[in-house]
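Read the structure below first, then the notes.
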Amino acid sequence: MKKVAFLVATALLAPSAFAHQAGDILVRGGAMTVAPTTDADETFDVDSNTQLGLTFSYMVTDNWGVELLAATPFSHDVSLKGAGEVASVKHLPPTLMAQYYFGNAQSKVRPYVGAGVNYTFFFDEEGLGDLNGADVKADDSWGLAAQAGVDMDVTDNLFINGSVWFMDIDTDVSVGGSQVDTANIDPAGLMVGLGYRF
Ligand code: NI
C-alpha cells in the first residue's frame, strides 16, 4: 500500500514534459496575412493578401529551434502613383529562421523570437490597366527576416499559435525589359493558427 502511495505521489510530482523539448517537430498552420509597408513617397503601392501559412520547426535543444515557413502563393495588386493598378504579381516567400524559445520543457506557454533569411520569388506577373498586355517582371529577392510569436498548449500535442513577421523584400520591377523602379515591399506578416507537436 505504501508502495502504491509512493508511485502515485511520484507520478503527480514528476514534471510532465508536455511542452516543446529537444527533438520535437512542430507543425503550425493558419491564416497568414502579408501587409506590405510601402512608403507613401514610393513609386509603387502594393496591397495586402491572406493565404494559408505553414511552418515546420525542429527543436534542436529545449530552447533553440529552426523553422521553415511555407505558404500558398500570395497575390498582390501593384499600383503606380497616378496611374492606378498596373500589375498583379504572385509570390512565395520561403523563410528559414533560427529561433529561441523562452521558458523550459515544462512550460505550457512558449514565447519565441527568431531571425533568418527570406527568399522571395515572383511569378505570374501580369500587366493591368495602362500596362495591359505589357511584359511585367519582378525580380526575386533575398533579405533578412525576423519574427516573434507564442505557442500555448491546449492538449499534450495541440497548441495555439500566433506570430508576427517582418521580411525585407525588395524587387526590381521592369516593364518590357527596362527597369522602372525597385518596389520595397518589406511586408509585416501576421499568422494565427494551430500547431501540432510530434
Ligand atoms: Ni527593403
State to the nearest 20 debye the size of the charge dipole of the chain about its Cα centre, where the only charges are +1 on K and R beta carbons and -1 on D and E beta carbons.
-> 1820 debye
Within-10-Å neighbourhood charge of Ala105 [Cβ basis; K, R +1; D, E -1] | -1
Ratio for the stretch 20-197, C-alpha Rg to 2.2 N^0.38 Å, reads 1.15
Förster radius 25 Å - calculated FRET efficiency between Leu92 and Thr43, Cβ distance, rounded to 0.05 | 0.60
Karplus-derived 3J(HN,Hα) from phi for the stretch 132-147 (6.51 cos²θ - 1.76 cosθ + 1.60, θ = phi - 60°), whole Hz, x at Gly and Pro, runs 3, x, 6, 8, 9, 9, 10, 6, 5, 9, 10, x, 7, 9, 9, 8
Summing +1 per Lys or Arg and -1 per Asp or Glu among the other residues with Cβ less than 14 Å from Asn63's Cβ gives -3
Under 16 Å Cα-Cα from Lys90, which aspartates and glutamates qualify once same-chain neighbours fewer than 8 residues away are excluded?
-> Asp45, Asp47, Asp77, Asp124, Glu125, Glu126, Asp135, Asp139, Asp140, Asp170, Asp172, Asp186
Taking a point 7 angstrom from the Cα of Asp156 along the C-beta vector, which residues in the stretch 104-125 have backbone N less than 13 Å away?
-> none
Separation between the Gln106 and Ala70 pseudo-spin-labels, each 7 Å from Cα along Cα→Cβ, expressed in nm?
-> 3.6 nm
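Read-outs throughout are calculated quantities, based only on the coordinates presented, and are distinct from any laboratory measurement. Predicted model, so just to flag it, every value in this text is computed and none were measured. Virtual Cβ from ideal backbone geometry, glycine too; neighbours counted across all protein chains shown.
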